[in-house]
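The values are calculated or read from the model by the stated rules, or taken from the named source; none is laboratory data. Just so it is clear, the model here is predicted, and its values are computed rather than measured. Methodologically, a virtual Cβ is constructed for each residue, glycine included, from the backbone with ideal geometry; neighbour enumeration extends over all protein chains shown. Keep in mind that these areas ignore ligands, DNA and RNA; they rest on the heavy atoms of the full protein, side chains included. Shrake-Rupley method; radii C 1.70, N 1.55, O 1.52, S 1.80 Å.
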Amino acid sequence: MPQRRTLLAAALAAPFAARTAQAQTWPARPVRIVEPGAPGGGNDTTIRLFAPYLDQALGQPFVIDNRPGAGGRVGVEHAFRAAPDGSTLLLGNAGSNGINAAIYPDLPYNLETDFVPISLLVTGPNVLVVNPRVFPVDSVAALIAAIKAQPAGHFNYGSGGVGSSAHLSAELFCMMAGVRMEHIPYRGAAQMGQGVISGDTPFLIANMVNILPFVRRGDVKMLAVTSLERWPDTPEVPTLHESGLPGFETIAWNALFGPPGLPRPIADRLVPELQRIGRMPEVVDRVKLIGGQVIASGPDVLAARVRSDIAKWKDLAARANIRVT
């Protein structure tokens, strides 16, 4: 009997030992990071900050593979079908790995359980901005009063597409403020920004990295941030939470995931490297310039963020009847 128990224990330990050995030799070839967005966006900028340091630390190139389309579905599905050998990773974000679970009823994967969480990289608030010619206001309360002074649907708001973070954040604002505006989806962040500058869509809640250049030029006016606490780099800008919409919070984030079945030892090997890179002053400073904050949290915090975001957006999508088919 003791011999049988020894053999059973050895059999159970063998797969773990094999995975551990695989992690020790990983990566043996270039690693592709699928970015489900276009080059030049906030998520793309983030991963291109981290990638060169991963190259140096792990001895293989980390190559960014942009695969935009369908609100992130194209890239995420590509990563979902990748071999779980560590040669392909996914740069997910609040839309591709959170909101999409709420608005697409036919996803071929489960965003909560199928992907292996590795680590959050960068988080940041969204910001509420307006065209100051259309809305010459200085507060969220005055903005809401100006919207309510016109018939429902008189004003438009823009987003980077149906189901995007900008879309659902604005819908959450409308619901909590008791107003109605018409949604105008654009093809991306650049067009979305031009829409608010021109006044065609004079209201916008967008990722800070996408809108800060317009704020700094004076093209748009920032009225609030969407974090529960004021953002350290813009302490003069109030939160929506303190501006009459208690509990309002939408956070932009990006993170590294592995495809289904990625051995945990490979994922765990990345975490301390990401945390080390995230503490580098040059990385911290460059992320601040685009309105973000380095987190490099590890898998548990990332998994909790995905769960909470999916629950929040499913509730909003159901109440606002937002679905993409």
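Selection over segment 223-237 of residues that are crowded, with 19+ Cβ neighbours inside 10 Å and within 18 Å of ASP138 (Cβ to Cβ) gives a count of 3. Selection of segment 264-318 for residues being among the charged types (D, E, K, R), out of contact with any helix residue (DSSP H, G or I) (no Cβ under 7 Å at 6 or more places or on another chain) and over 22 Å from SER87 (Cα atoms) yields ARG279, GLU282, ASP285, LYS288, ASP300, ARG305, ARG307, LYS312, ASP315. Inspect all residues belonging to segment 275-284 and state whether any of them is within 24 Å of GLY178 (Cα to Cα), of a type outside the set (S, T, N, Q) and part of a helix (DSSP H, G or I). No, segment 275-284 has no match at all. Against the condition among the β-branched types (Val, Ile, Thr), open to solvent by 30 Å² or more (accessible area, probe 1.4 Å), modelled with pLDDT of 95 or more and out of contact with any Cys (no Cβ under 7 Å at 6 or more places or on another chain), how does THR113 come out, does it pass? Yes, satisfied.
Kindly check whether there is at least one residue in segment 295-314 that is open to solvent by 20 Å² or more (accessible area, probe 1.4 Å), in a helix (DSSP H, G or I), over 17 Å from GLU112 (Cα atoms) and not basic (Lys, Arg). Break it down stepwise before answering.
Filtering segment 295-314 for residues open to solvent by 20 Å² or more (accessible area, probe 1.4 Å) gives 295, 297, 299-301, 303-305, 307-308, 311-312, 314.
Retained after the next criterion (residues that are in a helix (DSSP H, G or I)): 299-301, 303-305, 307-308, 311-312, 314.
Imposing the further condition that a residue be over 17 Å from GLU112 (Cα atoms) reduces the set to none.
Checked against the condition, which is being open to solvent by 20 Å² or more (accessible area, probe 1.4 Å), in a helix (DSSP H, G or I), over 17 Å from GLU112 (Cα atoms) and not basic (Lys, Arg), segment 295-314 yields no hits at all.
Taking each residue of segment 173-188 that is in contact (Cβ under 8 Å) with a residue 40 or more places away in the chain and looking for partners that are open to solvent by less than 60 Å² (accessible area, probe 1.4 Å) and charged (D, E, K, R) with beta-carbon atoms closer than 9 Å, six or more apart or interchain, yields nothing. For LEU262, the criteria (1) part of a loop (DSSP other than H, G, I, E, B); (2) open to solvent by 40 Å² or more (accessible area, probe 1.4 Å); (3) of a type outside the set (Val, Ile, Thr) hold in every case but one, which is (2). The criterion of at least 3 residues that are farther than 26 Å from GLU249 by Cα and modelled with pLDDT of 95 or more is met by the following helices (runs of 4 or more DSSP H) wholly inside segment 1-102: 42-58, 73-80. Taking the criterion of being farther than 27 Å from GLN194 by Cβ, in contact with a strand residue (DSSP E or B) (Cβ under 7 Å, 6 or more places away or on another chain) and charged (D, E, K, R), would at least one residue in segment 224-243 satisfy it? The answer is yes, given that some residue of segment 224-243 is farther than 27 Å from GLN194 by Cβ, in contact with a strand residue (DSSP E or B) (Cβ under 7 Å, 6 or more places away or on another chain) and charged (D, E, K, R).
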